[in-house]
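The values are calculated or read from the model by the stated rules, or taken from the named source; none is laboratory data. The model shown is predicted, which means the values in this text are computed figures rather than measured ones. Cβ placement follows ideal geometry from the backbone for every residue including glycine, while neighbour counts extend to all protein chains displayed.
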Amino acid sequence: MMDQGEIFNQSRMERCAAIHRAILENWQKSDSAPYTVRATDALADLPLSELRLRYFAVGAGEDLSEIPFHDMLVVFVMIEQTTAAMRKLDKSTSAGTIQFKIWTVFPDAEALRLLSKIRIQTPFDEEPFLRMPQTDESP
């Protein structure tokens, strides 16, 4: 479980950027799944507020790093922004610069939107992949 006092700092950002690069490189080289996200403990029936306290193994193939929930979202925001920038690139050039906009807080709606796009393996639960969690306010 994540320490509530943990601050998102330059070191964590660099780790997220390294995972992002590894996933993109794997995506370019492989026809298989470009990324792996795996729960590090049971997640069944946990609300979003509890998921926010968990760590996930994230990376390319089996080269995984255990990172907090927030950092996992940062990695996938970076992938989303990279994909959008690549679509806009001039097809005659292979170079470009991307400036990432990274949030320090993910409201529930944004966290759920990102989670809906991430396939999370759940080896500690009966279901093989995470089902969309509920917010604490959900019925």
Practice problem: Could you check, for segment 70-89, whether at least one of its residues is part of a loop (DSSP other than H, G, I, E, B), at pLDDT below 95, touching a Gly at 6+ places or on another chain (Cβ under 8 Å) and closer than 22 Å to residue 132 by Cβ? | Solution: no
Quiz item: When the residues of segment 18-48 are filtered to those that are among the hydroxyl-bearing types (Ser, Thr, Tyr) and either in contact with a Phe, Trp or Tyr (Cβ under 7 Å, 6 or more places away or on another chain) or buried (at least 19 other Cβ atoms within 10 Å of the Cβ) (or both), which remaining residue is nearest to residue 125 (Cα to Cα)?
Solution: 40
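Suppose the filter is in a loop (DSSP other than H, G, I, E, B), free of Cβ contacts under 8 Å to residues at least 60 places away in the same chain, β-branched (Val, Ile, Thr) and farther than 20 Å from residue 135 by Cα; does residue 19 pass it? First the steps, then the outcome.
Working: in a loop (DSSP other than H, G, I, E, B): no; free of Cβ contacts under 8 Å to residues at least 60 places away in the same chain: yes; β-branched (Val, Ile, Thr): yes; farther than 20 Å from residue 135 by Cα: yes.
Judged against the criteria, residue 19 is not a match.
Yes/no matrix, rows are residues, columns are (1) small (Gly, Ala, Ser); (2) buried (at least 17 other Cβ atoms within 10 Å of the Cβ):
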| residue | (1), (2) |
| --- | --- |
| 70 | no, yes |
| 75 | no, yes |
| 84 | yes, no |
| 98 | no, no |
| 116 | yes, no |
| 123 | no, no |
| 128 | no, no |
Exercise. Six or more apart or on different chains, Cβ under 7 Å: which pairs go from a residue in segment 57-69 that's more than 15 Å from residue 21 (Cα to Cα) to one that's in a helix (DSSP H, G or I) and modelled with pLDDT of 95 or more? Could you list them?
Key: 67/15; 69/51
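Matching residues to (1) hydrophobic (A, V, I, L, M, F, W, C); (2) closer than 20 Å to residue 110 by Cβ; (3) modelled with pLDDT under 95; (4) within 14 Å of the chain's Cα centre (by Cα):
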{"site": "25", "(1), (2), (3), (4)": "no, no, yes, no"}
{"site": "31", "(1), (2), (3), (4)": "no, no, yes, no"}
{"site": "39", "(1), (2), (3), (4)": "yes, no, no, yes"}
{"site": "43", "(1), (2), (3), (4)": "yes, yes, no, no"}
{"site": "57", "(1), (2), (3), (4)": "yes, no, no, yes"}
